[in-house]
Every structure is written in C-alpha cells, then in structure tokens.
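A short write-up of the structure that comes next.
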Amino acid sequence: MFTNLTIENELINMKSKNTLNDDLLIGEVNKIYSDGLYSGKTILTNLESYNTTFGLLNEEEIDSVNVFSPKTIKKICVKLRLKFLDIENYKQDLPFEADLKINNLNALQGKDLQSFKILTDEKSLKGKDLEGNYALFARTIYGNYYLIHSWGAKLKWYKKLAAFPLRNFECLALCLIIWTLIVTLSLPTFLITLDKSATYFCGYRIAVFFHLLIFFSGFTAYYIVGFKKPFSESSWRER
C-alpha cells in the first residue's frame, strides 16, 4: 500500500485488469479496418491516409505487452493526474536509452517513426520536478500506443490519494461531503449551539453540516478557478 509507483507498472496493472472481451473486439475491428483500408485494391483511394502510416508502428512486429489502448492510458492519467502530450511539450533531452530504442525500432520496421507522446505529470513537463517519472510512446497504425522507454524517479505512494479529488466532479463532491461530515462530527456540541439541552446528535448538528458544506464548496470552487485546477478527466490531453 505504501510502495512508491512507476507509470510503467501502473499501466501494466491497469491493462491486465481491464482486458475485457469488448476491448479485444474493438482492437480486432480496428485491425480489420486498417488492413482493409491499406490493401492493394483501396490504397490509391486512401493514399493520403496511407502515407501517414509510414511514421507509425506496425503492431505485428512489436511486443504486444507494451502496447496500450488510449482507454487504458486515459484511466492512468485520470487516476494519477498525469498528462499525455506530444513530445514537443517535453523540453529536456531524451535519455540515451530512449534514443537507442527509437533507432532500433526504425531499423526493425524500416521507418522513420513520428507521432511520439510523453506521459508524465504537469510539474515534470514544466521543469518544476526534475526527478519526475516519464514514459515515452509511439503511436501504432491501429490507434494504440507502444511504450518505448520509461525513466525517472518513482512516484510517491500517496499520488493516487492526492489525485483522487480532482479526477472528476463526482470524486470532488464525494470528498467534500466526507470532509464536511468529519469536521461536523468532530465539533463539540457547545460550539454548535447555546442550547444546553441539545444532545450530540441533534438538528443543530445537521444545520452545521449543510452550512459547512456550502462554505467548503465555495472555497473549493475558488481554489479550482483561481489556481486553474481543471478535472483530470477533461484535461489529461491538454497542456
């Protein structure tokens, strides 16, 4: 529970948990569609689309263990509050191992790969966290992403907990209600009312709960808007 995390391990665990028949079916449909689109009979009518595949990986020649669907990557981004962006947003130099693996892939598939993606948190992208955890991907012709290389320091074990409130509106609302309930229950009765006949569980405490909920909600809204903290579910692909 208190073990530090890596993006690569989290991706593999998420993939193993969510490899459902529906996902496999969608993957097969994408393969059939792509293979048909670029067959000899249709290649001329889809020449512009076909040309774009020269910079993409062919999944048949790479290890499927390191191939992840956009759905799996999104879940990790939301869960850990990460960003999945074009490599141009990464301002540092890639590790030597990453360059070497890219060159090996180019030689293996006879292509000059393009469409690289970087997966990390916002602080690392901005250079505020020099010891961040990173994962480099290349897109495949079937719309998935191949993990080329991962590096950097491990993420703290509490990353999931810290990212939970801003996953989406539902998670934020749940956290607000739980926090307000904890604060309300921790208050002694004499701080809630001057009525000496009031018991611990009384109407006054219920009223305090709703007043505190409104207060905490307003404070949270100010924090999200003022400090530009959008929900991970909607901002995982935004700079």
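The values are calculated or read from the model by the stated rules, or taken from the named source; none is laboratory data. All of these numbers come straight from a predicted model, not from anything done at the bench. Virtual Cβ from ideal backbone geometry, glycine too; neighbours counted across all protein chains shown. The protein model used for the area step is the full one, side chains on, heavy atoms only, and it has no ligands, DNA or RNA in it. Shrake-Rupley method; radii C 1.70, N 1.55, O 1.52, S 1.80 Å.
Taking only segment 174-190 into account, find how many residues are open to solvent by 90 Å² or more (accessible area, probe 1.4 Å) and either under 31 Å from the mean Cα position of the chain (by Cα) or in contact (Cβ under 8 Å) with a residue 40 or more places away in the chain (or both). Lay out the reasoning, then the answer.
Within segment 174-190, the subset open to solvent by 90 Å² or more (accessible area, probe 1.4 Å) is 179, 182, 190.
Filter once more, so that each one left must be either under 31 Å from the mean Cα position of the chain (by Cα) or in contact (Cβ under 8 Å) with a residue 40 or more places away in the chain (or both): 179, 182.
Looking only at that region, the number is 2.
Report whether or not GLU170 is touching a residue at least 40 places away in the same chain (Cβ under 8 Å) and assigned to a helix (DSSP H, G or I).
So GLU170 fails the test.
Residue pairs, Cβ under 7 Å, 6 or more apart or interchain, first in segment 71-87 and among the acidic types (Asp, Glu), second at pLDDT 95 or above. List them.
ASP86/LYS117
Within segment 198-218, does at least one residue satisfy the condition of being of a type in the set (Gly, Ala, Ser), in contact with a helix residue (DSSP H, G or I) (Cβ under 8 Å, 6 or more places away or on another chain) and either open to solvent by 50 Å² or more (accessible area, probe 1.4 Å) or farther than 30 Å from ASP121 by Cα (or both)?
The initial filter retains those residues of segment 198-218 that are of a type in the set (Gly, Ala, Ser), namely 198, 203, 207, 217-218.
Filter once more, so that each one left must be in contact with a helix residue (DSSP H, G or I) (Cβ under 8 Å, 6 or more places away or on another chain): 198, 217.
Then drop every residue that is not either open to solvent by 50 Å² or more (accessible area, probe 1.4 Å) or farther than 30 Å from ASP121 by Cα (or both), which leaves 198.
For segment 198-218, residues of a type in the set (Gly, Ala, Ser), in contact with a helix residue (DSSP H, G or I) (Cβ under 8 Å, 6 or more places away or on another chain) and either open to solvent by 50 Å² or more (accessible area, probe 1.4 Å) or farther than 30 Å from ASP121 by Cα (or both): present.
If we keep just the residues of segment 55-96 that are within 24 Å of MET14 (Cβ to Cβ), among the charged types (D, E, K, R) and part of a helix (DSSP H, G or I), which is most open to solvent (accessible area, probe 1.4 Å)?
The qualifying residue most open to solvent (accessible area, probe 1.4 Å) is GLU60.
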